[in-house]
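Accompanying notes for the structure given below.
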Amino acid sequence: MDGRLLAIPEAGGGYPAPLILTSTNDDRTHPAHGRKAAAKLAALGQPYFYYENIDGGHSAAANLMEDARQLALEYTYASRRLCSE
């Protein structure tokens, strides 16, 4: 490793598609971080899933319905990666 905490994916690498979750109104972690990660993956031709909640803050859920929606996205993502069909 070259001193970075995370390795930058290389074009053509066999990486699993990450799920990038962010919130437009996050006052602690700016949504540009998630947007930049998605743009970098797109530029490298790597698949990814991206969800940006426009209402929530740092916890990314403005209400119980948004919280349920985000949990459903996370569980669907994880089950499709871990369970054979």
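The values are calculated or read from the model by the stated rules, or taken from the named source; none is laboratory data. Everything numeric in this text was worked out from a predicted model, so none of it was measured. Cβ atoms come from the backbone with ideal geometry, glycine included; neighbour counts cover every protein chain shown. Note: accessible area is taken over every heavy atom of the protein model, side chains too, but ligands, DNA and RNA are not part of it. Shrake-Rupley method; radii C 1.70, N 1.55, O 1.52, S 1.80 Å.
Name every residue in the range 15-32 that is over 18 Å from residue 67 (Cα atoms) and among the hydrophobic types (A, V, I, L, M, F, W, C), in order of residue number.
17, 32
Check the range 3-21 and report whether any residue there is touching a Lys or Arg at 6+ places or on another chain (Cβ under 9 Å), surrounded by 13 or more Cβ atoms within 10 Å (Cβ to Cβ) and at pLDDT below 80.
The answer is yes; a qualifying residue exists.
Within the set of pairs 6+ apart or on separate chains, which have a first residue in the range 54-73 that is farther than 15 Å from residue 34 by Cα and of a type in the set (A, V, I, L, M), a second that is modelled with pLDDT under 80 and open to solvent by less than 30 Å² (accessible area, probe 1.4 Å), and C-beta atoms under 7 Å apart?
62/56
Restricting the range 29-85 to residues that are out of contact with any strand residue (DSSP E or B) (no Cβ under 9 Å at 6 or more places or on another chain), in a loop (DSSP other than H, G, I, E, B) and within 13 Å of residue 17 (Cα to Cα), which is modelled with the highest pLDDT?
47
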